[in-house]
1. Taking the residues in the range 10-45 that are open to solvent by 100 Å² or more (accessible area, probe 1.4 Å) and in contact with a helix residue (DSSP H, G or I) (Cβ under 9 Å, 6 or more places away or on another chain) as candidates, determine which candidate is nearest to LEU224 (Cα to Cα).
2. So if I check each of VAL160, VAL155, which one is under 18 Å from VAL265 (Cβ atoms) and open to solvent by 10 Å² or more (accessible area, probe 1.4 Å)?
3. Determine which member of the set THR89, THR27 is modelled with pLDDT of 95 or more, over 26 Å from the mean Cα position of the chain (by Cα) and more than 23 Å from LEU154 (Cβ to Cβ).
4. If you go through the range 102-152, how many residues are within 14 Å of ARG3 (Cα to Cα) and either open to solvent by less than 20 Å² (accessible area, probe 1.4 Å) or without any contact (Cβ under 8 Å) to a residue 12 or more places away in the chain (or both)?
5. Of the residues GLU193, GLU180, GLU187, which single one is open to solvent by less than 60 Å² (accessible area, probe 1.4 Å), of a type in the set (Asp, Glu) and in contact (Cβ under 8 Å) with a residue 60 or more places away in the chain?
6. In the range 2-45, which residues are touching a residue at least 24 places away in the same chain (Cβ under 8 Å), part of a loop (DSSP other than H, G, I, E, B) and within 24 Å of MET102 (Cβ to Cβ)?
7. Can you list the helices (runs of 4 or more DSSP H) found entirely within the range 196-287 that contain at least 1 residues being modelled with pLDDT of 95 or more and in contact with a His (Cβ under 9 Å, 6 or more places away or on another chain)?
8. Being under 29 Å from LEU224 (Cα atoms) and among the small types (Gly, Ala, Ser) narrows it down to one residue among SER93, SER148; which is it?
Amino acid sequence: LLRATLYPKHPYGLPSQGTPESVSALTPEQLKAFHDKYVVAKNGVLAVYGHVQADEVKAQVEKFFADLPPGEEALTQPEPAPDFTASQTVETSKDKAQAILMIGYRGVDIFDKDLPALELIDEASSDLGSRFFVRIRENLGLAYFVGSSQVPGLVPGPFVFYLGTSPEKADQVLIELKDEVAKLAQEGLTEAELARAKEKLIGQQEIRNQSSGTFAFATALDELYGLGYDHYLSEKERVNAVTAADIKRVAQKYFLDRASVTALVRPASKEAEKNAAEDAPAANPEN
């Protein structure tokens, strides 16, 4: 709901698995054309990590992939997102027990110099010691979970603050969430928050890289996207170079007085009760 509003008529706003209508309409010819366009040599990166013999691997690759058509690299000019200049609030209902609230902004692409600062803001807003968690969940008891996420891509992706709460607390907790986002947008992070975020972000990367599969996947994508397979080598340096002043500048740039989407999903029964109450005639003060 949030992505469809934040990225209207753009791939980022579409459901990743399609819709019943779009999937039902697919033909074998369309699937073959898709495969023939994208599964080609110039559009792929093969990453092999682990205790292997490079010469043997190279020979096997050349043997089994020799017949792969060369083709052309895809997405060299990805579709830009349409302008988004006015904040919107969207709401729907689902047959669920919780209410989910999200506030989303346009973020950055994977090449943007502001990405490390936004990664640190994301990390600092998502752990159990974050200001969002401490105030909204621990101090006020208004949320089951609270955090943030971002999805940078070949074009700027969304940065989202989210939480889950009980339906009767949704309106109250939305005020608190917006208040905390506004404080972050104005002030950035404290030195202590920034230091903790750096330690966690760097540590998590080092843990992820211990897995050959995860490491291969990440470096293959970096190479495919144009960052270079060795992009990870400078990650620690980029993160540590971010200052509190950088965080404040970036927070103000992307969250302060910027167009956003507020999305709410309430339980269907509560929504029905709300609509019924709004449609009910006003009480007669004489009765």
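The values are calculated or read from the model by the stated rules, or taken from the named source; none is laboratory data. These figures come from a predicted structure and were not determined experimentally. With ideal geometry, Cβ positions are generated from the backbone for all residues, glycine too; neighbour counts draw on all protein chains shown. Heavy atoms of the whole protein, side chains included, go into the accessibility calculation; ligands, DNA and RNA do not. Shrake-Rupley method; radii C 1.70, N 1.55, O 1.52, S 1.80 Å.
1. My answer is LYS37.
2. Only one candidate qualifies: VAL160.
3. THR27
4. Residues flagged as within 14 Å of ARG3 (Cα to Cα) and either open to solvent by less than 20 Å² (accessible area, probe 1.4 Å) or without any contact (Cβ under 8 Å) to a residue 12 or more places away in the chain (or both) within the range 102-152 amount to 4.
5. Just a single option satisfies the conditions, and that option is GLU193.
6. TYR7, PRO8, LYS9, HIS10 - these are the residues of the range 2-45 that are touching a residue at least 24 places away in the same chain (Cβ under 8 Å), part of a loop (DSSP other than H, G, I, E, B) and within 24 Å of MET102 (Cβ to Cβ).
7. 212-225
8. SER148
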